[in-house]
Amino acid sequence: MDKPLLDSKYVTWALPQGSLAENLFYKTLGAIVRTFEDPTGTARPLWRDYSRWQWLDLNLAVAIANGVLGAFHRAGISWGYIDPWAIAFLAQAAGYGSLYQTTYHVLYADQPVLRQADEVWYRIQPEPLNFPKMIDLEVDRGIANERYADATWQMSELVLSRDGTRPIIYSRKGLIDKWLSPFWTAAMLNDHFYCLAQYLWDRTREHAGPPALPNGVLRERVILHQTADKKPAFPNESGGTSYADYDRWEIGNESEMHQWIAEQFGGQVPEPEPEPPPIPDDLPERVVALESQMADVRSAIALLSDRVLALEEREA
């Protein structure tokens, strides 16, 4: 079962997404049920997926300090909507070499795939980063089921041709069973890796996993599990909604995850962010140390500014 029989979203259908009322509802519910959370699930390496719903002032330093190891940000939806915070996310994430980072795109299967790629996804992220892109396959467009399979395969082939790596597919068992499994061969299904959503009824506690397997998909192809989407974010992680999407790595512990990613997608295991040196007690030495740290800050700001300008030029 990939959906709970009783889902708290049906309790809050009248509350606008991201509103103070909705935030208060999930904050209160989470405080009540948190003690019943299964530690088996929360021991897995933590990832995030972000969009404008989690943003006002996203602070990746806070997320990383609290154990977030990878993050996807929504690039956009179909061919006509670019997430307004995607460029800012990429600019901020560029400063953290320890963070796996990339973008995801919400696929509309009834819209031209090439147009979605060129006018949204590759305008936001033209080059591959240190983790593959992700297709978000969850929007029901009221069309024939085989069209979802065709559009997803077209987008996967396009990303493979441009980035050299197939995209991850984010969805859930019920949708993959309906939209992909009847139309793709076993080889096509298992040429992809998956992030599967499966929640508990209240959505403020994490599902302990593993998520239910879609028909035809091998267990080892499921690398991420979205465990909750209304669990509170870390304090000061975001100035937007008080909750966040929680994603857990499915293949091994943190060390094994780093090694698996390096072997599967290439590149080096990320180095942890270095601790800043202590400030000396002696005043002249303190001035020298602070000037050195400020030079590093200015260098980081310049790097991020160049990244933002480059992305804005592509957007223009």
Do we find a residue being in contact (Cβ under 8 Å) with a residue 12 or more places away in the chain, touching a strand residue (DSSP E or B) at 6+ places or on another chain (Cβ under 6 Å) and of a type in the set (S, T, N, Q) anywhere in the range 114-126? yes
When the range 45-91 is checked residue by residue, the ones that are of a type in the set (A, V, I, L, M), assigned to a helix (DSSP H, G or I) and surrounded by 23 or more Cβ atoms within 10 Å (Cβ to Cβ) are Ala63, Ala86
Any idea which of (1) within 27 Å of Trp249 (Cα to Cα); (2) more than 18 Å from the chain's Cα centre (by Cα) is the one Ala93 doesn't satisfy? (2)
Restricting the search to the range 51-79, which residues are under 20 Å from Gln116 (Cβ atoms) and modelled with pLDDT of 95 or more? Phe72, His73, Arg74, Ala75, Gly76, Ile77, Ser78, Trp79
So which of Tyr170, Tyr199 ends up being part of a strand (DSSP E or B), in contact (Cβ under 8 Å) with a residue 60 or more places away in the chain and of a type outside the set (Gly, Ala, Ser)? Tyr170
Condition first: more than 21 Å from the chain's Cα centre (by Cα) and in contact (Cβ under 8 Å) with a residue 24 or more places away in the chain. Now tell me which residues in the range 173-188 satisfy that. Asp177, Lys178, Trp179, Leu180, Ser181, Pro182, Phe183, Trp184, Ala186, Met188
What tally of residues in the range 176-190 results from selecting those that are assigned to a helix (DSSP H, G or I) and crowded, with 21+ Cβ neighbours inside 10 Å? 2
Only one of (1) within 15 Å of the chain's Cα centre (by Cα); (2) hydrophobic (A, V, I, L, M, F, W, C); (3) more than 18 Å from Leu90 (Cβ to Cβ) fails for Met134. Which number is that? (3)
Restricting attention to the range 131-142, does a residue exist that is among the aromatic types (Phe, Trp, Tyr), modelled with pLDDT of 95 or more, within 24 Å of Gly41 (Cα to Cα) and part of a strand (DSSP E or B)? no
Contact list, first residue from the range 210-222 and closer than 16 Å to Met188 by Cβ and modelled with pLDDT of 95 or more, second anywhere and of a type in the set (Gly, Ala, Ser) and outside any loop (DSSP other than H, G, I, E, B), beta-carbon distance below 9 Å, six or more apart or interchain, is Pro214/Ser171; Pro214/Gly174; Gly216/Ala186; Val217/Ala186; Leu218/Ala186
Selected residue [at negative phi and in a helix (DSSP H, G or I)] from Ala212, Ala208, Ala151: Ala151
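The values are calculated or read from the model by the stated rules, or taken from the named source; none is laboratory data. Keep in mind the model is a prediction, meaning the values are calculated, not measured. Methodologically, a virtual Cβ is constructed for each residue, glycine included, from the backbone with ideal geometry; neighbour enumeration extends over all protein chains shown.
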